[in-house]
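Trainee: If you scroll down you'll find the structure; I have some questions about it.
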Amino acid sequence: EDKVVQSPLSLVVHEGDTVTLNCSYEVTNFRSLLWYKQEKKAPTFLFMLTSSGIEKKSGRLSSILDKKELFSILNITATQTGDSAIYLCAVTNFGNEKLTFGTGTRLTIIP
Amino acid sequence: DAGVIQSPRHEVTEMGQEVTLRCKPISGHNSLFWYRQTMMRGLELLIYFNNNVPIDDSGMPEDRFSAKMPNASFSTLKIQPSEPRDSAVYFCASTLGVLVQPQHFGDGTRLSIL
């Protein structure tokens, strides 16, 4: 059974700090790893990673995948209060299309 | 562009009643997913459809849960009879399943069974 573990479970930092969120996985026939941000409603898509070592970047957010060590990190620089959310990591395999999610990291940014 | 549309947004009902949740996927998407989110278990996949056909329903908790997708633009998740432990947020998501594409989520239905 596919498994995703995220750490830390929660994180509180001050505005302007840089944070690193971790996601490790065990997947049979790995296809992709995805990061989502969830505020009050629906998870919104951030990144999809399929290849090792290639950084994906969007503004202050970036992510990278290590398929050898089976983990990914999500970095947020110069954090803002609007970054407060639950960040979810999920994986897919080539057997089907379903996402297996981790329990998420709850990030709180203090002004 | 219209995203995934779910209804109702909130549902409060008494134990034993039938509950029907509805989802309209993004136009052109051919895969649809139903998830349940709770504090204890996080986001769990219940069932998913590809081209209106159920592909994997291994996450459906028990026979009280059923899902249908009569056409490409509509799906329902039904709980009958409902129980308090079914209280959760239920999300629908869709994707264009041919290529490696991310799933897009609706805003969810917050279900409370009293």
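The values are calculated or read from the model by the stated rules, or taken from the named source; none is laboratory data. The structure displayed is predicted, hence computed values, not measured ones. As a convention, Cβ positions derive from the backbone with ideal geometry for all residues, glycine included, and neighbour counts pool all protein chains shown. Areas reflect the complete protein model, heavy atoms only, side chains present, ligands, DNA and RNA absent. Shrake-Rupley method; radii C 1.70, N 1.55, O 1.52, S 1.80 Å.
Trainee: With all distinct Cα pairs included, what does the Kirkwood hydrodynamic radius of the stretch A:39-111 come out to in Å, to one decimal, could you say?
Mentor: About 13.7 Å, per the Kirkwood formula over Cα pairs.
Trainee: A further question on this structure: How high is the relative contact order of the stretch B:31-114, given as a whole-number percent (alpha carbon pairs under 8 Å, six or more residues apart)?
Mentor: 28 percent
Trainee: Additional query: Based on C-alpha coordinates, I'd like the Rg and Dmax of chain B, in Å.
Mentor: According to the Cα coordinates of chain B, Rg and Dmax are 13.3, 42 Å.
Trainee: Moving to a separate point now. Using only Cα atoms, figure out Rg for the stretch B:37-80 and give it as a multiple of 2.2 N^0.38 Å.
Mentor: Cα-based Rg divided by the globular estimate yields 1.21.
Trainee: If you take the accessible area of B alone plus A alone and subtract the pair, what total do you get in square angstrom, rounded to 100, with a 1.4 Å probe?
Mentor: Answer for the B-A pair: about 1600 Å² buried.
Trainee: At a Förster radius of 30 Å, what calculated FRET efficiency corresponds to the Cβ-Cβ distance of B:ASN51 and A:ASN22, to the nearest 0.05?
Mentor: For B:ASN51 and A:ASN22, the calculated efficiency is 0.25.
Trainee: Okay, moving on. Which value in nm describes the separation of the simple spin-label points at B:SER112 and A:SER52, placed 7 Å from the Cα toward the beta carbon?
Mentor: 4.9 nm
Trainee: Give the carbon-plus-sulfur fraction of the accessible surface of chain A in %, rounded to a whole number; probe 1.4 Å, heavy atoms of protein chains only.
Mentor: About 51 percent, which is the carbon plus sulfur part of the accessible surface.
Trainee: Sorting A:LEU9, B:LEU46, A:LEU46 by accessible area (1.4 Å probe), largest first, what list results?
Mentor: Solvent-accessible surface, decreasing: A:LEU9, A:LEU46, B:LEU46.
Trainee: Of A:LYS41/B:LYS68; A:LYS40/A:LYS68; A:LYS40/B:LYS78, which pairs sit farther than 31 Å apart, going by alpha carbon to alpha carbon?
Mentor: Flagged as over cut-off: A:LYS40/A:LYS68.
Trainee: Here's another thing I want to ask about it. Can you give the Rg to Rh ratio for the stretch A:1-90, taking only C-alpha atoms and Rh from Kirkwood?
Mentor: Radius of gyration relative to Kirkwood radius: 0.95.
Trainee: Related question: Any idea what diffusion coefficient the stretch B:51-114 gets from Stokes-Einstein, in µm²/s, Kirkwood Rh on alpha carbon pairs, 10 °C, 1.306 mPa s?
Mentor: Reported coefficient: 118 µm²/s.
Trainee: Test of understanding: express the Cα radius of gyration of the stretch A:18-61 as a ratio to 2.2 N^0.38 Å, with N the residue count.
Mentor: Working it through for the stretch A:18-61, the quotient is 1.30.
Trainee: Give me the dipole magnitude in Debye, nearest 20, for chain B about the Cα centre, with unit charges on the beta carbon: positive for Lys and Arg, negative for Asp and Glu.
Mentor: 180 debye
Trainee: What percent of all Cα-Cα pairs in the protein assembly as shown falls into each 5 Å bin, going from 0 up to the bin containing the maximum distance?
Mentor: Result, from short to long distances: 1, 7, 14, 18, 18, 16, 12, 8, 4, 1, 0 percent.
Trainee: Hey, another quick one. For the stretch B:72-114 and the stretch A:81-105, what is the separation of their C-alpha centers, rounded to whole Å?
Mentor: 16 Å
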